[in-house]
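Engineer: Got a structure for you, written out below as structure tokens; questions coming shortly.
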Amino acid sequence: MLNKVLEQFRLQPISVNAVEDSHSSTVYKCKLFNGENVFIKIPYSKLKFQRELEAYEILKEQVSIPNLLAYWSGDEEYPGAFLLSELKGNPLTTNVSSATAFQVGILHASMHNIQPSNATTLTGIKNEFINWSSFVENQFYSFAEDVREVVDEAVYRKSIEKFEEMKRSLPSPDGPSFIHMDFRPANIIVDGNNVSGMIDFESVRFGSTETDFTKLYRDFLSFDLALYQSYQEGYKSIRPLIDLEVVLPFYLFTDTFNSIGWCKRRGIEKNALFLEKNLADLKKIVLS
């Protein structure tokens with residue numbers, strides 16, 4: 001597959017290395033003869049390819065993202081591929097300054113400020129905001145079919161009960177906004193104290209912002225109160241921030257549950273560590 005894509009883009013790089021922490025698509029970092037780096041991204045499916053392609057058009061000049069240098073629409077065997085410029089830096093970690101967290105908040109809010117436009121016809125990116133409650137419910141119960149094959153019956157039953165109980169307490173959704181759906185440290189690039197931008201748009205939607213804080217909180221904001229506060233200040237400098245204390249418990253729970261179903265679909269052995277963590281977290285949530 002890689003050779004096919006290199007041929008399509010007429011690339012002859014000095015070196016090609018697979019990028020770690022890319023859970024769905026296949027990503028390669030290519031060093032060129034001029035010393036520059038470019039990235040090849042091969043999405044998991046045709047739908048994810050189309051979503052990402054449309055996202056580059058929507059997001060360009062709105063927020064900082066890689067430049068789309070070229071793309072290949074694929075064929076009957078391959079879903080397609082993107083050739084992307086490099087955002088300078090490395091993925092976000094908890095070892096950053098409050099000023100960096102402030103910039104992450106600005107980046108996130110700037111993306112959430114983008115609303116659907118009647119001027120653009122989209123086939124991959126859907127506007128789920130109108131039926132947001134149904135979208136969340138459909139996602140949960142779709143993954144529930146897979147989760148049931150992995151967890152104990154008692155844990156599964158309590159998870160269903162908890163979902164139905166918690167969703168009744170959710171506030172009115174905030175949007176419609178452009179939401180990333182995988183806004184986590186691995187997809188936020190930082191160069192020193194400066195945020196270079198964000199990557200990975202194959203799961204994007206228009207919907208409610210309330211779901212889009214989950215992974216950032218889980219993997220970054222929850223570790224340091226000062227960073228959390230700075231992030232919120234940055235976000236609020238662009239747009240109002242919803243009450244995260246109200247919505248985060250629900251979305252942290254559903255993310256844990258849905259992640260177990262994702263592991264079942266994508267391969268239990270290949271995702272064993274991620275599965276084990278989410279199984280432990282789910283038991284803590286529903287059995288405590």
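Engineer: Can you name the residue in the stretch 151-186 that is under 23 Å from the mean Cα position of the chain (by Cα), small (Gly, Ala, Ser) and surrounded by 11 or more Cβ atoms within 10 Å (Cβ to Cβ) and, of all such residues, is modelled with the highest pLDDT?
Structural biologist: The qualifying residue modelled with the highest pLDDT is 177.
Engineer: What number of residues within the stretch 222-236 satisfy the criterion of being closer than 15 Å to residue 99 by Cβ and of a type in the set (A, V, I, L, M)?
Structural biologist: Quick first cut of the stretch 222-236, residues closer than 15 Å to residue 99 by Cβ only: 224, 226-235.
Among the residues that remain, those that are also of a type in the set (A, V, I, L, M) are: 226-227.
Total meeting the criteria: 2.
Engineer: Mind checking whether some residue in the stretch 237-245 is more than 22 Å from residue 161 (Cα to Cα), touching a Gly at 6+ places or on another chain (Cβ under 8 Å), assigned by TED's automatic domain parsing to the domain that holds residue 209 and among the acidic types (Asp, Glu)?
Structural biologist: Within the stretch 237-245, none of the residues are more than 22 Å from residue 161 (Cα to Cα), touching a Gly at 6+ places or on another chain (Cβ under 8 Å), assigned by TED's automatic domain parsing to the domain that holds residue 209 and among the acidic types (Asp, Glu).
Engineer: Moving to a separate point now. Mind listing just one residue for me: the one in the stretch 222-235 that is hydrophobic (A, V, I, L, M, F, W, C) and touching a Ser or Thr at 6+ places or on another chain (Cβ under 9 Å) and, of those, surrounded by the most Cβ atoms within 10 Å (Cβ to Cβ)? Before you say what the answer is, go through the steps one by one.
Structural biologist: Taking the stretch 222-235 as the starting set, the residues that turn out to be hydrophobic (A, V, I, L, M, F, W, C) are 223, 225-227.
Restricting the remaining residues to those that are touching a Ser or Thr at 6+ places or on another chain (Cβ under 9 Å) gives 223, 226-227.
On the way: 223: 13, 226: 10, 227: 21.
Among them, the one singled out is 227.
Engineer: Next question, about the same structure. Which one of these does residue 69 not meet: (1) modelled with pLDDT of 95 or more; (2) under 17 Å from the mean Cα position of the chain (by Cα); (3) not assigned by TED's automatic domain parsing to the domain that holds residue 163?
Structural biologist: In the conditions (1) modelled with pLDDT of 95 or more; (2) under 17 Å from the mean Cα position of the chain (by Cα); (3) not assigned by TED's automatic domain parsing to the domain that holds residue 163, residue 69 misses (2) alone.
Engineer: Go through (1) surrounded by fewer than 16 Cβ atoms within 10 Å (Cβ to Cβ); (2) within 19 Å of the chain's Cα centre (by Cα); (3) among the aromatic types (Phe, Trp, Tyr) for residue 129 and report which single condition fails.
Structural biologist: Going through the list (1) surrounded by fewer than 16 Cβ atoms within 10 Å (Cβ to Cβ); (2) within 19 Å of the chain's Cα centre (by Cα); (3) among the aromatic types (Phe, Trp, Tyr), residue 129 breaks only (1).
Engineer: Of the conditions (1) within 22 Å of residue 215 (Cα to Cα); (2) assigned to a loop (DSSP other than H, G, I, E, B); (3) at pLDDT below 95, residue 114 satisfies every one except a single condition; which number is it?
Structural biologist: (3)
Engineer: Among the numbered criteria (1) farther than 27 Å from residue 117 by Cα; (2) at pLDDT below 90, which one does residue 61 miss?
Structural biologist: Going through the list (1) farther than 27 Å from residue 117 by Cα; (2) at pLDDT below 90, residue 61 breaks only (1).
Engineer: List every residue pair whose Cβ atoms lie under 9 Å apart, where the two residues are 6 or more positions apart in sequence or sit on different chains, the first residue falls within the stretch 221-232 and is under 18 Å from residue 106 (Cβ atoms) and in contact (Cβ under 8 Å) with a residue 40 or more places away in the chain, and the second residue, located anywhere, is of a type in the set (A, V, I, L, M) and surrounded by fewer than 16 Cβ atoms within 10 Å (Cβ to Cβ).
Structural biologist: From residues that are under 18 Å from residue 106 (Cβ atoms) and in contact (Cβ under 8 Å) with a residue 40 or more places away in the chain, the pairs are 230/99.
Engineer: Take the residues in the stretch 47-67 that are touching a strand residue (DSSP E or B) at 6+ places or on another chain (Cβ under 7 Å) and within 17 Å of residue 123 (Cβ to Cβ); name whichever of them is surrounded by the most Cβ atoms within 10 Å (Cβ to Cβ).
Structural biologist: 52
Engineer: Check 95, 17 and return the single one that is surrounded by fewer than 13 Cβ atoms within 10 Å (Cβ to Cβ) and either touching a Lys or Arg at 6+ places or on another chain (Cβ under 8 Å) or in a strand (DSSP E or B) (or both).
Structural biologist: Numbers: 95 fails: either touching a Lys or Arg at 6+ places or on another chain (Cβ under 8 Å) or in a strand (DSSP E or B) (or both).
Going through 95, 17 in turn, just one is surrounded by fewer than 13 Cβ atoms within 10 Å (Cβ to Cβ) and either touching a Lys or Arg at 6+ places or on another chain (Cβ under 8 Å) or in a strand (DSSP E or B) (or both): 17.
Engineer: Now for a separate question. Out of contact with any strand residue (DSSP E or B) (no Cβ under 8 Å at 6 or more places or on another chain), assigned to a loop (DSSP other than H, G, I, E, B) and of a type outside the set (S, T, N, Q): does that describe residue 76? Walk me through it before giving the result.
Structural biologist: On the way: out of contact with any strand residue (DSSP E or B) (no Cβ under 8 Å at 6 or more places or on another chain): yes; assigned to a loop (DSSP other than H, G, I, E, B): yes; of a type outside the set (S, T, N, Q): yes.
Yes.
Engineer: Quick check: anything in the stretch 236-252 without any contact (Cβ under 8 Å) to a residue 60 or more places away in the chain and either surrounded by 21 or more Cβ atoms within 10 Å (Cβ to Cβ) or aromatic (Phe, Trp, Tyr) (or both)?
Structural biologist: yes
Engineer: State which residue pairs qualify: first residue in the same structural domain as residue 256 (by TED's automatic domain parsing) and outside any helix (DSSP H, G or I) and inside the stretch 157-174, second residue among the charged types (D, E, K, R) and surrounded by 11 or more Cβ atoms within 10 Å (Cβ to Cβ) in any location, beta carbons under 9 Å apart, and separation of 6 or more residues or different chains.
Structural biologist: Final answer for the pair search is 170/210; 171/210; 173/210; 174/210.
Engineer: Something else about it: So if I check each of 53, 122, which one is of a type in the set (A, V, I, L, M) and more than 18 Å from the chain's Cα centre (by Cα)?
Structural biologist: Values: 53 fails: more than 18 Å from the chain's Cα centre (by Cα).
Sole residue among the options that is of a type in the set (A, V, I, L, M) and more than 18 Å from the chain's Cα centre (by Cα): 122.
The values are calculated or read from the model by the stated rules, or taken from the named source; none is laboratory data. What you see is a predicted model, and the numbers here were worked out from it, not measured in a lab. For neighbour counting, all protein chains shown are included, and Cβ atoms are generated from backbone atoms with ideal geometry for every residue, glycine included.
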